[in-house]
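This report refers to the structure that appears directly beneath it.
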Amino acid sequence: MIKAIKWGIIGCGNVTEVKSGPAYQITDGFELIAVMRRNLDLAKDYAKRHNVPRYYNDADALINDSEVEAVYIATPPDTHHYYALKVAKVNKICCIEKPMAPSYKECLEIQAAFEKQQLPLFVAYYRRSLPRFNKIKELLEEKAIGKVRHISWSLSRTPSDLDTSDTYNWRTDAKIAPGGYFDDLASHGLDLFVYLLGNIKEVKGIASNQQKLYTAKDIVSASWKHENGVLGTGIWSFGTYKREDKVRIVGNRGELSFSVFGEEPIEVIKSDKMEQVFIENPKHIQQQHVENMKQSLLLGKPHPSTGKTATHVAWIMDSILNQL
């Protein structure tokens, strides 16, 4: 019998309700024993509804809880660096919600702290673990569309009611997320493209605030080159007339078409035919990501999303926003 690893969550907000929190409870070999939220009543409510034995409104109390062996940081990105360094200091395993931190510099510091202590560090770029995207990886490895030439991603949406109101939103506060929704959403796709096609060695971008609805950028475009020679382009626009989320990976014998955030079928397009592959996402979308952490921690299997891979994505993001 292998002793279960006991986890605590800092920031038990919306993302932990269904997407991630329950995965730590239903994964064999993991136990969720503590949660923290600044509002003690909300922390207590979460703990009661999810049958978590302890709750705090002080992150230090959870981090220093002698029975908590691993910490999942699920707060907004501006506090990831602060809490991660505290977790490393007390020699505990850590998983950080994506993006790993608002800047490449902070990501390097986090990664160095965990490497110094020889501690496992994971980042919740969970698409690397989803069956849907691993099917795409399998198709690419099987040369289903031949040799890949280029990849493109167009992500756009209309302004939300929140965007047009005076209500505060940390996702569009330039002090927390300089790229606005780009920081929150594009990081998922860019990380996925690195997983599918390998590291990026050159990248350039242009960003602007066209609508002036908030302080962060609201439109970003980029071009890049993977180490294997595949070229990429992206446009992320959050003030258009409709929603769109479309990725095309084009090869010399066909192409793959899919969305990063939707669950539409994957399209495998060749000159003479088009096939569709539908793979449903799990209810708790981080479940495979968490299961892979267990496989890594208890069985020694490599995890696809680590501090190292997330730091590379942070370099890409900062390069696009010209913040290096």
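Among the residues of the range 14-29, which ones are within 25 Å of THR79 (Cα to Cα) and over 16 Å from the mean Cα position of the chain (by Cα)?
Once the filter is applied, which keeps residues that are within 25 Å of THR79 (Cα to Cα) and over 16 Å from the mean Cα position of the chain (by Cα), the range 14-29 yields GLU17, PRO22, TYR24, GLN25.
When residues of the range 254-278 are filtered for being without any contact (Cβ under 8 Å) to a residue 60 or more places away in the chain, assigned to a loop (DSSP other than H, G, I, E, B) and more than 21 Å from the chain's Cα centre (by Cα), how many remain?
Result for the range 254-278: 5.
Out of curiosity, is PRO99 modelled with pLDDT under 95 and out of contact with any Lys or Arg (no Cβ under 9 Å at 6 or more places or on another chain)?
Taking the combined requirement at face value, the residue satisfies it.
Which of the residues that make up the range 243-253 are more than 11 Å from GLY146 (Cα to Cα) and part of a loop (DSSP other than H, G, I, E, B)?
The one that is more than 11 Å from GLY146 (Cα to Cα) and part of a loop (DSSP other than H, G, I, E, B): ARG243.
So which helices (runs of 4 or more DSSP H) are wholly in the range 80-160 and hold at least 1 residues that are touching a helix residue (DSSP H, G or I) at 6+ places or on another chain (Cβ under 7 Å) and under 17 Å from VAL260 (Cα atoms)?
131-141
For a quick check of your reading of the model, give me the residue pairs whose first member lies in the range 133-147 and is closer than 15 Å to GLY254 by Cβ, whose second is assigned to a helix (DSSP H, G or I) and not aromatic (Phe, Trp, Tyr), with beta-carbon atoms closer than 9 Å and at least 6 apart or on different chains.
Cβ pairs passing all conditions: ILE136/LEU192; ILE136/LEU196; LEU140/LEU196; LEU140/LEU197; ALA144/GLU138; ILE145/LEU139.
I'd like the full set of residues that are under 29 Å from ARG248 (Cβ atoms), hydrophobic (A, V, I, L, M, F, W, C) and surrounded by fewer than 22 Cβ atoms within 10 Å (Cβ to Cβ), limited to the range 162-191.
The answer is LEU185, and nothing else.
So which of ASP184, ASP218 is modelled with pLDDT under 95 and not small (Gly, Ala, Ser)?
When all the criteria are applied, what remains is ASP184.
The values are calculated or read from the model by the stated rules, or taken from the named source; none is laboratory data. A quick note: this is a predicted structure, and the numbers were derived from the prediction, not measured. Positions of Cβ are backbone-derived with ideal geometry, glycine not excepted, and every protein chain shown enters the neighbour counts.
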